[in-house]
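See structure below.
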Amino acid sequence: MSDKSPVIVDLKFIPDEVDAALIGAFPGRDIINLANPAHADRDLSGIDYAVVWNPSLDLFSRAPDLKVLFSGGAGVDHILKLPGLPDVPLVRFVDRSLTTRMSEWVVMQCLLHLRQHRAYEARAKKHVWEDLIQPEAADITVGVMGLGVLGQDAIRKLSTMGFKTVGWSRSKKHIEGTETFDGDQLDAFLAKTDFLVGLLPLTDDTRGIFNAELFSRLSRKGAFGAPVFINGGRGGSQVESDIVAALEKGVLHAASLDVFEKEPLSKDSPFWEMDNVYVTPHVAASSDVKALFAHVQQQIDRLESGQPLQHLVDREAGY
């Protein structure tokens with residue numbers, strides 16, 4: 001047996017995808033995939049590393065000697081709330097593939113709303129040939145809340161498509177060609193925003209931030225007369241009853257939602273039936289599992305060679 005510490009894998013991802021990605025992963029180490037029934041009663045003491053996403057609630061009692069936890073995604077709020085979470089470094093997943101997937105989703109949603117895809121789809125089902133007045137990307141200002149790696153990349157790609165962009169974050173960020181706002185400048189940011197994109201981490205400050213009061217402060221001067229809300233960040237940042245009410249009253253023109261207060265989204269949620277809402281099942285930035293394992297291996301190599309870990313989570317800040 002190798003003298004290298006094994007790696008625990010506890011990921012609620014597509015099982016076949018995880019199994020395929022594990023082939024050749026973590027060379028020289030024993031891999032304990034807890035999705036495999038053979039490991040149900042495995043002794044996990046003395047193991048240094050675990051890669052987790054919605055892990056088993058008894059993981060930390062079963063693995064009391066962990067030295068580092070690796071998140072299977074960019075978000076870590078669900079991990080920070082886990083009972084018995086050990087006081088060890090927590091590393092979030094940062095990778096080109098994850099960033100690119102999120103930007104693709106954001107750009108796609110903006111284009112679907114811009115090009116009135118749902119309206120044309122409805123007409124096509126009725127065999128109706130009708131042209132609608134069509135704004136172009138340059139007529140729309142997309143405001144991105146959350147200017148980390150994901151937010152900044154989304155802005156770059158939206159700008160390439162011709163959208164005007166603005167951004168807001170808790171602390172000041174500088175993005176070439178984009179006006180940015182921070183802290184108490186939220187009102188000024190919202191007043192310029194036709195399409196609002198949420199890419200915020202979930203913290204005490206951001207919980208429920210996308211609510212009726214915030215929606216009322218968005219620009220109503222855009223091409224559609226009311227703003228569009230697009231959330232690919234965290235479900236806990238939105239108040240879903242407020243979104244429904246805003247859509248029904250015309251405060252919001254439309255929405256795209258990839259994340260929800262409770263997941264999976266309940267079958268009786270009104271979002272499923274709303275003609276002006278796109279629903280996706282928390283897949284905007286689905287992790288590339290092979291890239292995730294390569295990222296974890298890189299961080300383990302750094303740690304074991306005396307280098308500092310990267311992408312550490314600040315538990316006090318929540319991201």
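Bins of 5 Å, beginning at zero and ending with the bin holding the largest distance: percent of Cα pairs per bin for the stretch 96-279, please.
Values per bin, smallest distances first: 1, 8, 17, 22, 22, 16, 8, 4, 1, 0, 0.
Give me the three principal axis extents of the stretch 166-260 from the C-alpha atoms, as integers in angstrom, largest value leading.
36, 31, 21
Please report, in whole Å³, the volume per residue of the convex hull around the C-alpha atoms of the stretch 128-183.
Values: hull volume 5.5 nm³, N = 56.
So the per-residue Cα hull volume is 99 Å³.
Using DSSP, restrict attention to beta bridges with both residues in the stretch 96-279 and report what percent are antiparallel, rounded to the nearest 5. Numbers along the way, then the final one.
Details: 1 of 26 bridges.
Restricted to the stretch 96-279, the bridges split so that about 5 percent are antiparallel.
Among Thr99, Leu132, Pro86, whose Cα lies farthest out toward the positive end of the dipole of the stretch 1-158, if unit charges sit on the beta carbon of Lys, Arg (+1) and Asp, Glu (-1)?
Value: Leu132.
Expressed in whole Å with the largest first, what are the equivalent ellipsoid semi-axes of the chain derived from the C-alpha gyration tensor as the square root of 5 times each eigenvalue?
Details: eigenvalues 308, 88, 65 Å².
Value: 39, 21, 18 Å, ordered largest first.
Could you give the size of the charge dipole of the chain about its Cα centre, using +1 on the Cβ of each K and R and -1 on the Cβ of each D and E, expressed in debye and rounded to the nearest 20?
Working: 33 positive and 44 negative charges, 133 e Å.
Result for the chain is approximately 640 debye, rounded to the nearest 20.
Would you mind giving the three semi-axes, in whole Å and largest first, of the ellipsoid equivalent to the stretch 1-61 according to its Cα gyration tensor?
Numbers: eigenvalues 56, 51, 19 Å².
Whole-Å semi-axes of the equivalent ellipsoid: 17, 16, 10.
Checking a compactness column here: for the stretch 248-303, what do you get for Rg(Cα) / (2.2 N^0.38 Å), N being the number of residues? Don't jump to the answer; show the numbers that get you there.
On the way: Rg = 17.6 Å, N = 56, 2.2 N^0.38 = 10.2 Å.
Normalised Rg, Cα atoms only: 1.73.
Using 0.36 nm per residue, how much length does the chain from Asp314 to Asp301 gain when fully extended, once their Cα-Cα distance is taken away?
2.5 nm
Where the centroid of each part is defined by its Cα atoms, how far is the stretch 215-274 from the stretch 100-143 in Å?
The distance from the Cα centre of the stretch 215-274 to that of the stretch 100-143 comes to 16 Å.
For the chain, what are the DSSP H helices with axial Cα length of 15 Å or more and mean Kyte-Doolittle hydropathy of at least 0.0?
Helix filter hits for the chain: 96-114, 149-160.
Readers should treat all values here as calculations from the given coordinates under stated rules, not as data from a laboratory. Since this is a predicted model, take the numbers as computed values, not measurements. With ideal geometry, Cβ positions are generated from the backbone for all residues, glycine too; neighbour counts draw on all protein chains shown.
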